[in-house]
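The values are calculated or read from the model by the stated rules, or taken from the named source; none is laboratory data. Predicted model only: the values in this text are computed from it and were never measured. Please note: Cβ atoms are built from the backbone with ideal geometry, for glycine as well, and neighbour counts cover all protein chains shown. In case anyone asks, the SASA skips ligands and DNA or RNA and just uses the protein heavy atoms, side chains included. Shrake-Rupley method; radii C 1.70, N 1.55, O 1.52, S 1.80 Å.
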Amino acid sequence: LVPSTQPWRSPGKPQALFSLPAPRWPVECEVIQETIEHIEWVPPEPEPFCPPMGPEQAPDTLGEEQGTVVYHSSPVLQGSCFTCARVGGALGPLSSPAAPLKSPQDTTLLFESRFESGNLQKVIKVGPYEYVLMLRPDLYTAKHTQWFYFRVQNTRQEPLYRFTIANMAKPKSLYGQGLRPLLYSQQDAQSHGIGWRRVGTDIRYYRGSAGEPPVFRLSWTVRFPHDGDTCFFAACYPYTYSDLQRYLRALVADPTRSRYCTVQELCRSLAGNTVYLLTITGLGSMAGKRVVVASARVHPGESGGSWAMRGFLNFLLSTHADAQLLRRLFVFKVVPMLNPDGVVVGNSRCSLAGRDPNRAYGAALPGSFPGVWHLRAMVQRVLAEREVVLYCDFHGHSRKNNVFMYGCDAGGDSAATRLRQRVFPLMLSKNAPDKFSFASCKFQVQKSKEGTGRVSMWRLGVSHSYTLEVAFSGSTLGGRSSHFNVEDLESLGRLLCDTLLDFCDPAPAKVGLDLAQGALVPQGHGDTGAVPQLQQCLAEVDVLLRQQMGHELGSGGSWSEVSPSELES
């Protein structure tokens, strides 16, 4: 790996195959030796949302005092903060957190989550086929329970099982709007090539027992596809640090793609895991090229962001004519996994510093938040030499359907600048009408968000700085009411590339505006169909904002003096 002190190391030189060091874990964490990998598969039909059940119908769930603990794995933390890490985690023989089966006829499920991105702390059996689960909080914290990923063995095909996660942290969740958990069957993967799929009936999300802070419960019923199977449950399609390393190794080994992509080490995480930096651009002169910066997985539990990032990289590194044009026009600086430690240990939100790194850009110290500190420093170095035309940070969202963006409008800029903030998301909504909701986008810069990557990059001088939010669930747009699959998530990366080309197209005469109808008439480019022109989208945003403020067109009313909070209220 080449250190990233020179931001303009040009692709084109052959790269040696770099080794794939095993992930480093805090020494308190036990790690099983098995390698966990899953096949990729796209369901042949859309997977619809589950009809939501109201919280008033929440089932009575027994607690530990009425049941039997059948799994308990809680790291013994050596104090309140991270100290050191090693490959393989804890020294010494592994404990046995799962209760042993009493006989071949024992139908108790065997639980496990001591693998990359796994998260499960405790399981209580409260009925023959009913289990109450407790998630492990983010390491070195007592909160942030949302992401889950665990294994079950000793399944039976016929019974209806009920699982209840009893310590979810957020008051609202897409599970209350039809989101279903993911199941992976090892037997189906090996025999039929079937991968992750949405499962669950009678899905409920509701407040648990009284107390402070409040906790919430997620409950679902499910039948397993086979007897004696090994199955996994997850909140979203897992994408681990090792998955990223395998992807990068294949990229570096590819003689074509590696010609215009270098893989470097941006920095090391607190645990010593590499934070990778990719530089992608066409061969030849760098003169006049502007820069695009993209990042993902600052929040480790938002794995959908990694799949969208993979689609972004796959398209950028392809032979498609638009990808070649993008490489000719821009230099792309990409950090695909900002918080590898959090991903490795199965955190939902935090790094091993025990804090949310996406609130630490403003005052981040390299020793506490190395990923975000080095990303910000790299962007500062780049800005000293070139224009950064766009920053996009890929996230997942647990409370709102569809895909949308958060931008930056502080209210003090000119009307033209405030309009331009909204144009890129509007263009993306037109390129992805069945996935992206412009109506869900927000542009207010709240004080609580000053430490985010989006606001920090904007304060540095990146004029178009966005957070891309991808719902954990799916889309309600364009006639859809179904979950996103991996193909949907990867397509977002391609659509982002296409929108970037529309936004910065050197020859943007693509769209006519039918003034009589007040509608955009796309002329098309590439294979995307509707592609709006920048100036006409600016006009359309102006119309939308006027309508939002209740002004009749032509009345002379202006929204330009209105604060972003009033616009979005």
Exercise for the section: Report, in whole Å, the centroid distance computed from the Cα atoms of the range 214-259 and the range 345-379. Expected result: 24 Å
Problem - Label corresponding to Cα extents along the principal axes in Å when calculated from the structure given, among (1) 89, 73, 41; (2) 75, 56, 45; (3) 171, 54, 34 - result: (2)
Problem - Packing rank of 66-77, 372-383, where each peptide gets the mean count of other beta carbons within 10 Å, highest leading - result: 372-383, 66-77
Exercise for the section: Quick one: dipole size for the range 241-504, taken about the Cα centre, charges +1 on Lys/Arg Cβ and -1 on Asp/Glu Cβ, in debye to the nearest 20. Expected result: 380 debye
Fill in the blank from the handout: Using the Kirkwood radius over Cα pairs of the range 241-504, the Stokes-Einstein translational diffusion coefficient at 37 °C and 0.692 mPa s, in µm²/s and rounded to a whole number, is 178 µm²/s
Exercise for the section: Could you give the spread of the C-alpha atoms of the range 233-353 along their three principal axes, from largest to smallest, in whole angstroms? Expected result: 43, 28, 25
Handout entry: Charge dipole (the chain, unit charges on Cβ, about Cα centre) - positive-most of ILE194, TYR247, TRP373
Key = TRP373
Handout entry: Theoretical ellipticity at 222 nm over the chain - DSSP helices of four or more residues, -39500 (n - 2.57) apiece, nearest 500
Key = -6500 deg cm²/dmol
Problem - On Cα atoms only, tilt of 534-548 relative to the major axis of the chain in degrees - result: 70 degrees
Problem - Highest to lowest packing among 298-307, 35-44, scored as the average C-beta count within 10 Å - result: 298-307, 35-44
Handout entry: Net charge dipole size for the chain [Lys, Arg +1 and Asp, Glu -1 on Cβ; Debye, nearest 20]
Key = 1280 debye
Problem - Highest to lowest packing among 233-245, 316-328, 146-158, scored as the average C-beta count within 10 Å - result: 233-245, 146-158, 316-328
Practice task
Compute the acute angle (0 to 90°) between the alpha-carbon long axis of helix 370-383 and the principal axis of greatest extent of the alpha-carbon atoms of the chain; round to the nearest 10°.
Solution key: 10 degrees
Completion exercise
Rounded to the nearest 10 degrees, the helix 415-431 long axis (Cα) sits at an angle to the longest Cα principal axis of the chain of 60 degrees
Practice task
Rank these by accessible area, largest first, 1.4 Å probe: TYR184, TYR406.
Solution key: TYR406, TYR184
Handout entry: Accessible area (Å², 1.4 Å probe, nearest 10) - ARG480
Key = 50 Å²
Handout entry: Cut-off 14 Å between beta-carbons: net charge of the residues surrounding ALA253, Lys and Arg +1, Asp and Glu -1
Key = +3
Practice task
Nearest 5 is fine: what % of DSSP beta bridges in the range 241-504 come out antiparallel, could you say?
Solution key: 40 percent
Exercise for the section: Give the relative contact order (percent, whole number) for the range 241-504; include only Cα pairs under 8 Å separated by 6+ residues. Expected result: 23 percent
